[in-house]
Amino acid sequence: MYGRRVIEEYLRSPHAAIKPARIRLLASLPEAVRKRLGDWAPKTPIDLLDARQLDELCEKNHQGIVFQFEAHSFPGLQAKKPAEVLSTAKGPLLLLDRIQDAGNLGAILRTAEVYGFRSVFLSHQCAPISAAVHRASSGASLHLQIYQSGNLQQFCKSTRKAGFWLCGAIAPSDLERKPNSGQLANRTLLQHDQLQALPPTDQIVLLIGSEGEGLRDLALRNCDFLLTIQLSGQTTSLNAAVAAGILMDRLRFRSLP
């Protein structure tokens, strides 16, 4: 794990109870940084390295601070099963399906944390929670409860049993390509400026798919509502992280024009 902002968020998060195996610092950093980390983790070795040595450990945007963890203690997915989480979870919740780019995943998690999506579920086809994901989220991912969704059909069943409504994002281009397909039949379709018609935000699970293929057909068939963003330009789709941000904002502030 690396980067000053990410490390700062780690120190503020519940994960801070777990100390890294080693701390690697740029030798030219202020003594106050070394003292603060030494006081926080007095039993953790602190190595002072030059920029080239740190570059060899991780990407060059480490900003002079690297935490190294044992594999079992790295902050990643929570161990609880979805049904157990959903029985007591408070919405809104987020399900991400096939988001394979670490930058996109981190950006979505950052926005989710800002807008109060405390629990996030990832399909097996998503990128793993890694140092790159934490970096892309500016450490916001460390304040989220992130779980594996498991079997998608069973996940959708568990969400309904827990009283949630499934709202899936779909690109306008997908609507034009398969307007009469079975997975879209009898689903309420809402534009991003029509979300007042949705149930209360704390009863919603927002589903976001990959920007290349969108949500899987299985996910679409299980949605109660389909949400789309009306586009005015020549481009037919949005980056997955941008689309997710627009919908999260509209869900939180749906009364605004």
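The values are calculated or read from the model by the stated rules, or taken from the named source; none is laboratory data. Since this is a predicted model, take the numbers as computed values, not measurements. Note that we place each Cβ from the backbone using ideal geometry, even for glycine, and neighbour counts take in every protein chain shown.
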Failed item in (1) in the same structural domain as residue 222 (by TED's automatic domain parsing); (2) modelled with pLDDT under 90; (3) not charged (D, E, K, R), with residue 58 passing the rest
(1)
With at pLDDT 85 or above, closer than 15 Å to residue 86 by Cα and acidic (Asp, Glu) as the only criterion, which of 217, 202, 224 stands out?
202
Suppose we keep only residues that are within 27 Å of residue 102 (Cβ to Cβ) and of a type in the set (Gly, Ala, Ser) within region 38-57. Which one would you say is surrounded by the fewest Cβ atoms within 10 Å (Cβ to Cβ)?
51
Which one is farthest from residue 73 (Cα to Cα) among residues in region 126-154 that are touching a residue at least 60 places away in the same chain (Cβ under 8 Å) and in contact with a strand residue (DSSP E or B) (Cβ under 7 Å, 6 or more places away or on another chain)?
149
Do you know which residues across region 46-86 are at positive phi and aromatic (Phe, Trp, Tyr)?
none
Condition set surrounded by fewer than 22 Cβ atoms within 10 Å (Cβ to Cβ) and in a loop (DSSP other than H, G, I, E, B), scope region 93-125, selection nearest to the chain's Cα centre (by Cα): answer is 118
Would you check if residue 71 is at pLDDT below 95 and among the small types (Gly, Ala, Ser)?
yes
Within region 15-37, considering residues that are outside any loop (DSSP other than H, G, I, E, B), among the small types (Gly, Ala, Ser) and surrounded by fewer than 14 Cβ atoms within 10 Å (Cβ to Cβ), the one nearest to the chain's Cα centre (by Cα):
17
Based on what the data block shows, is residue 60 surrounded by fewer than 20 Cβ atoms within 10 Å (Cβ to Cβ), of a type in the set (Lys, Arg) and under 30 Å from residue 227 (Cβ atoms)?
no
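Can you name every residue in region 78-137 that is charged (D, E, K, R) and farther than 23 Å from residue 154 by Cβ? Quick ask: steps written out before the conclusion?
Our first condition is that a residue be charged (D, E, K, R); within region 78-137, this holds for 80-81, 84, 90, 97-98, 101, 110, 113, 118, 135.
Within region 78-137, 101, 110, 113, 135 meet the criteria.
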